[in-house]
Amino acid sequence: MTKPIIWLIDTSILCNILDLPGFNQDRTEILGEFENRISSGDLFFLPFVVFIETGNHIAQLSGNYKYEFAQKFVHLVKQALNSEAPFKPLRFPEKDELLRIIDEFPEFAGKGIGFGDFSIIEDWKDQTSKFMAYSVRIWSLDSGLQGYES
């Protein structure tokens, strides 16, 4: 019997779901996978850093796209916060938690892994220990975040 799956959604996936211009090159494939995973009963979590990174990408769009996609983003975040979306947001880490993990960051930075991806990996570790009855995975187009599976 296989374990149910929890996916931590990376910025690359959320940008495709939102259809952000310049960040949506895999949209058709991502939406197809998303629908299949929803149908399979998989669960989806959005790390807090993904909200930050996606918001930054939106602010860098040109012209009227900024406002249009910011509204779309706000709607999606509100749906997630109100349990109306297929994913749930993860909270930002508390001070003690950051103090516990921050010393590991230089090792990751030395491998070219930025703080955003580092924090997603830490979220993965945390969710893996909380949900042992599940297979916890990171869903990302970024090769540095692929292969994380409990």
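Residue by residue, region 107-119 carries 3J(HN,Hα) couplings of 4, 5, 4, x, 9, x, 9, x, 5, x, 5, 4, 5 Hz when phi is fed to the Karplus relation 6.51 cos²θ - 1.76 cosθ + 1.60 (θ = phi - 60°); x denotes Gly or Pro.
Placing unit charges on the Cβ atoms of the charged side chains and taking the dipole of region 4-150 about its Cα centre, the candidate lying farthest along the positive direction among Ser39, Phe73, Thr128 is Phe73.
With the cut-off at 12 Å, report for region 1-42 the share of all Cα pairs above it, as a whole percent. Walk me through the numbers before you get to the answer.
Details: 526 of 861 pairs.
Counting pairs separated by more than 12 Å, the tail of P(r) holds 61 percent.
Surface calculation, 1.4 Å probe, protein heavy atoms: Val74 sits at approximately 70 Å² accessible. Surface analysis of the chain yields an accessible area of 57 Å² per residue, using protein heavy atoms and a 1.4 Å probe. Note that region 52-93, at 20 °C in a medium of 1.002 mPa s, gets a Stokes-Einstein diffusion coefficient of 193 µm²/s from its Kirkwood radius over C-alpha pairs.
Please report, as a whole percent, how much of the solvent-accessible surface of the chain comes from carbon and sulfur atoms (probe radius 1.4 Å).
Carbon and sulfur: 55 percent of the exposed surface of the chain.
Can you work out the PRE-style zone for Ser129? Point 7 Å along Cα to Cβ, and I want the residues of region 91-105 with backbone N under 11 Å. So the set is 97, 100-101.
The tail of the calculated P(r) for the chain beyond 24 Å holds 33 percent of all Cα-Cα pairs.
Dipole size of region 30-150 about its Cα centre, with +1 on Lys/Arg Cβ and -1 on Asp/Glu Cβ: approximately 320 debye, rounded to the nearest 20. Summary value for the chain: 33 percent relative contact order, contacts being C-alpha pairs under 8 angstrom separated by 6+ residues. Which of Thr128, Thr28, Thr11 moves most in a GNM of the chain, Cα contacts under 10 Å? Most flexible of the set in this elastic network: Thr28. Other residues within the sphere of radius under 12 Å centred on the Cβ of Asp117, judged by their own Cβ, net out at -4 (K and R +1, D and E -1). Taking a ≥ b ≥ c as the square roots of the eigenvalues of the Cα gyration tensor, region 57-124 is oblate, since a/c reaches 1.5 or more and a/b is not larger than b/c. Projected over every direction and averaged, the convex hull enclosing the alpha-carbon atoms of region 89-145 yields 4.4 nm². Lysine pairs in the chain whose alpha-carbon atoms fall under 19 angstrom of each other, counting only those eight or more residues apart or on distinct chains, come to 9. Highest GNM mean-square fluctuation among Asn64, Asn56, Asn82, for the chain modelled with Cα contacts below 10 Å: Asn64.
3J(HN,Hα) along region 133-150, derived from phi through the Karplus expression 6.51 cos²θ - 1.76 cosθ + 1.60 where θ = phi - 60°, amounts to 7, 10, 8, 9, 9, 9, 9, 8, 8, 7, 4, x, 10, 7, x, 7, 8, 9 Hz, with x in place of Gly and Pro. Over all other residues within a Cβ to Cβ distance under 14 Å of Phe131, the charged ones net out to +1, with Lys and Arg as +1 and Asp and Glu as -1. Put Lys72, Lys78 in order of accessible area, highest first, and with a 1.4 Å probe you get Lys78, Lys72. Annotation: amide H-H contacts under 5 Å for Phe45 (H modelled 1.01 Å from N, sequence separation of 5 or more, or interchain): Trp7, Leu8, Ile9, Lys88.
Given +1 at the Cβ of Lys and Arg, -1 at the Cβ of Asp and Glu and no other charges, the dipole of region 1-42 around its Cα centre is 140 debye to the nearest 20.
The values are calculated or read from the model by the stated rules, or taken from the named source; none is laboratory data. Since this is a predicted model, take the numbers as computed values, not measurements. With ideal geometry, Cβ positions are generated from the backbone for all residues, glycine too; neighbour counts draw on all protein chains shown. For the accessible areas, the whole protein counts, side chains as well, though only heavy atoms, and no ligand, DNA or RNA atoms are used. Shrake-Rupley method; radii C 1.70, N 1.55, O 1.52, S 1.80 Å.
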